Structure formats: C-alpha cells, structure tokens
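Undergrad: One structure, pasted below without further comment.
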Amino acid sequence: MVDKKGLRPTGRIIYEVTLLPVGTLNTVRQREPTVIFFSNLRKAVDAITAELALNNWPVKVNYTAVYRGVKQRDFYGCDFDVAGTRVFRIKVVPRVLNPALPRLGIDENPIQ
C-alpha cells in the first residue's frame, strides 16, 4: 500500500476489521463496536464471510470488493439490514504496524 505522498510505509500493513452496530436496533440493545486485526486481507475476508454464513447473514462481502475498496478509498464498508433497518456495518481499514518514528523536526547538532 502506498500512502498519499507516494512513499511506501516502513511498517507492516495489518487490516483492522470493525463491526459497528448502527440504526435503531442499537438503541434497544446497546452494543460496543468489535475490532479485530488480521495479518493479511485474505484472512480478514475469509473470517468475515465465515461468520456471516454461520449466522445466516447474506454474504455480501468478497475479496475483490474489499481489495478494490481499500485500494481506491483506503477503507471498505458494507451495511447489513433487516426489513429496511440497518443493523450493523462492517468496515475494513489497512493500518501500519510499527510505523517509522518521525524526526520531530529536530535538526542535527551543529557543534560536533
């Protein structure tokens, strides 16, 4: 993944998968967002599709859609609803693990 400046990050890319409860159903039964990290995108998509299938949700998530969303918009999001009411949103965001430390704008000491 290349950042906005065209430079490659020095850290390793991991994928943050977040399940966000949304809509009016969340006001009835309060739930906190669930965040899980994966080492690669294929593992993240496989885990999402397995959980959706296991819980009888339509499997609207596929590797190609997630890959394109991450490449084009730096995230992928998909909403799930029941009878026109949104229930939850799945969001996949790439994160940099152990990014390079910034120099903080400190110059080299001139008296050396």
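Undergrad: Could you derive backbone 3J(HN,Hα) for segment 12-17 from the dihedral phi with the Karplus parameters 6.51, -1.76 and 1.60 (θ = phi - 60°), listing whole Hz in sequence and x where the residue is Gly or Pro?
TA: Karplus values, whole Hz, x for Gly and Pro: 8, 7, 10, 10, 9, 10.
Undergrad: At what distance in nm do the modelled label points of residue 60 and residue 97 sit from each other, each positioned 7 Å from its Cα along Cα→Cβ?
TA: Taking the simple label geometry, residue 60 and residue 97 are separated by 3.0 nm.
Undergrad: Another question, if that's okay. Find how much the distance from residue 71 to residue 22 grows on full extension, using 0.36 nm per residue of separation minus their present alpha carbon separation; answer in nm with one decimal. Please list the in-between numbers first.
TA: On the way: separation 49, 0.36 × 49 = 17.64 nm, distance 2.51 nm.
15.1 nm is the gain from fully extending residue 71 to residue 22.
Undergrad: Let me ask you something else. Place the peptides 36-48, 52-64 in order of packing, highest mean first, counting for every residue the other Cβ atoms within 10 Å and averaging per peptide. Present the calculation step by step, with values, prior to reporting the outcome.
TA: Values: 36-48: 15.8, 52-64: 11.6.
By packing density, highest mean first, the sequence is 36-48, 52-64.
Undergrad: While we're looking at this one, here's another question. What is the magnitude of the charge dipole of the chain about its Cα centre, with +1 placed on the Cβ of each Lys and Arg, -1 on the Cβ of each Asp and Glu, and no other charges, expressed in debye to the nearest 20?
TA: On the way: 17 positive and 10 negative charges, 50 e Å.
I would put it at about 240 debye.
Undergrad: For helix 41-54, report the angle its Cα long axis makes with the longest principal axis of the Cα atoms of the chain; keep it between 0 and 90° and round to the nearest 10°.
TA: So the inclination is approximately 20 degrees.
Read the figures in this text as sums done on the coordinates, not as results from a lab. Keep in mind that what you see is a predicted model, and the values were worked out from it rather than measured. So basically every Cβ, Gly included, is an ideal-geometry build from the backbone, and we count neighbours across all protein chains shown.
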